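The values are calculated or read from the model by the stated rules, or taken from the named source; none is laboratory data. Keep in mind that what you see is a predicted model, and the values were worked out from it rather than measured. Methodologically, a virtual Cβ is constructed for each residue, glycine included, from the backbone with ideal geometry; neighbour enumeration extends over all protein chains shown.
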Amino acid sequence: MSKLVQGYEVVIGFETHAQLSTNSKIFSRASVAFGAEPNTQACALDMALPGTLPVMNKGAVERAIEFGLAVNAHVAERSIFARKNYFYPDLPKGYQISQFEIPVVQGGEVSFFLEEGKETVHKTVRLERAHLEEDAGKSLHEDFIGQSGIDLNRAGTPLLEIVTQPDIRSSEEAVAYAKELHKIVTWIGICDGNMQEGSFRCDANVSVRKPGEPLGTRREIKNLNSFKFMQQAIDYEVRWQIEQIEDGHKIQQATVLFNPDTGETRAMRTKEDSADYRYFPDPDLPPLVIGRDWVERVKGEMTELPRVMAERFVKDYALPEYNATTLTQSKAMAAYFEATAKACGQPKLASNWIMGEVSRRLNAGEMTIEQAPVSAAQLAALIGRISDSTISNSAARQVFEGLWNGEGEVDAIIEAKGLKQMNDTGELEKIIDEVLAANPKNVEEFKAGNAKALNGLVGPIMKASKGKANPAQVNALLMKKMG
């Protein structure tokens, strides 16, 4: 969807709940393992029994620090927890422990590339904040018996809520941002990113306006758990809001859900503002104090960040920025590229093959790079045979096909399929002389200044050599003979 839809500008802000990869909950020692029987992982504190007090999970704080460092944000030296009051049956306390006035992570940004037509555009979305909070439980509805139940296993699960500025202008940008954020949190290991299990849940605040006008009234699409549904939901919501405005109706701030079966959003409840939650500092939790030495220690223990690795790939391997960013979409992909590049000494060729043929086949087979049947060593060997002119580019694709199908190693496949390029200059010159004699018109046209006439000679030569002639060598010999 383009930035302007029927004369309206789309404005989107994101709130993402990333479940932190701790073993226990944010304020209790209960397990956060997924898939347990209902209410088997809810302790007295999670159930808000009298006399229980929350205790901060240090691991959750360290993961918040890591995220702040990963997005170039400010990690607050002092932040506070607040009680967010509202009634949901899956929160026994009647309030959620979160952060309001002073979040632990402040500012930051997420940058990514986006295809716009035939151009690749660099985008940056500013982050407003990221704060720590506990998750609620889950309501279970058994329609066939007309009953509902509450599963408190998720109650108290540690979340990092990541909030953007309203910088996103299309559903495509929204998906690209969400994918980049997903990459960051999984890369640094603070979240497993499993959207089906609810570990990475996105809420999109969508509004429309005429260009230059104040921000429109937003509607929040809750719990988008796939990138495909995310784009569908936003596109539908944008169209719906424009139709409402054009029909003379006002947009009411609301929380909506997306139904993937119908492709429509529907209002769930009127959207609250922060005042409705009656935030106040939690009296059971002291301020969270993070010293600079703690931040520096976490920074020193962190893995190389994807943006830092991409910068290194540009510097060390002379890759275009877009290639470097694409190859750092996952740690496994980056490792595969680096192993290939070091083994073959041709980083640009390695990049082209991985972003081209390897990625094409992975996508077709719905596979990850870890599942690729062609190892980095095998791809490097293939690239080496292209570089030393043993095989042509077209023959290389046949060799790759053989590697992918498990037909053996590079040299064995080349030999079995008879794909070696012709290195006998005498034999090649004989073929060229025969083709020149059979095509005098092309020779005359070339000598008269028609450079395109050369193409009419190269084809027959390649055919006569059964595709084994080196195209560069063919061109050099032709130029020599007709120069």
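Structure data summary
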quantity	calculated
Any strands (runs of 3 or more DSSP E) falling wholly within region 212-276 and containing at least 3 residues that are not hydrophobic (A, V, I, L, M, F, W, C)	219-224, 264-270
Out of Ser111, Ser139, Ser207, sole residue that is on the phi < 0 side of the Ramachandran plot, assigned to a strand (DSSP E or B) and touching a His at 6+ places or on another chain (Cβ under 8 Å)	Ser111
Residue in region 145-154 that is assigned to a strand (DSSP E or B), modelled with pLDDT under 95 and out of contact with any strand residue (DSSP E or B) (no Cβ under 7 Å at 6 or more places or on another chain) present	yes
Cross-chain or 6+ apart pairs with Cβ under 7 Å, region 160-179 first and among the polar types (S, T, N, Q), then in a loop (DSSP other than H, G, I, E, B)	Ser170/Met1; Ser170/Ser2; Ser170/Lys3; Ser171/Met1
Ser359 being at pLDDT 95 or above and assigned to a helix (DSSP H, G or I)	yes
Residue pairs meeting the criteria (Cβ under 8 Å; at least 6 apart or on separate chains; first more than 20 Å from Asn153 (Cβ to Cβ) and assigned by TED's automatic domain parsing to the domain that holds Cys43, in region 85-102; second modelled with pLDDT of 95 or more and surrounded by fewer than 17 Cβ atoms within 10 Å (Cβ to Cβ))	Ile102/Arg78
Selected residue (criterion: surrounded by the fewest Cβ atoms within 10 Å (Cβ to Cβ)) from residues of region 402-418 that are of a type in the set (A, V, I, L, M) and under 15 Å from Ala381 (Cα atoms)	Ala412
Options Leu379, Leu362; residue that is surrounded by fewer than 21 Cβ atoms within 10 Å (Cβ to Cβ) and among the hydrophobic types (A, V, I, L, M, F, W, C)	Leu362
Of the criteria (1) part of a helix (DSSP H, G or I); (2) aliphatic (A, V, I, L, M); (3) closer than 18 Å to Phe337 by Cα, which one Val399 fails	(3)
Within region 284-349, helices (runs of 4 or more DSSP H) holding 2 or more residues that are among the aromatic types (Phe, Trp, Tyr)	306-317, 331-344
Single match in Ile65, Ile102 (criterion: in a helix (DSSP H, G or I) and either buried (at least 17 other Cβ atoms within 10 Å of the Cβ) or of a type in the set (D, E, K, R) (or both))	Ile65
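Okay, residues lined up against (1) among the hydroxyl-bearing types (Ser, Thr, Tyr); (2) outside the structural domain of Glu62 (by TED's automatic domain parsing):
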residue: Thr270; (1), (2): yes, no
residue: Ala275; (1), (2): no, no
residue: Met333; (1), (2): no, yes
residue: Ala341; (1), (2): no, yes
residue: Ala364; (1), (2): no, yes
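One line per residue, one yes/no per condition, for (1) aliphatic (A, V, I, L, M); (2) in the same structural domain as Gly345 (by TED's automatic domain parsing):
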| residue | (1), (2) |
| --- | --- |
| Ala376 | yes, yes |
| Leu379 | yes, yes |
| Asn405 | no, yes |
| Glu434 | no, no |
| Asn439 | no, no |
| Val443 | yes, no |
| Gly449 | no, no |
| Lys452 | no, no |
| Val458 | yes, no |
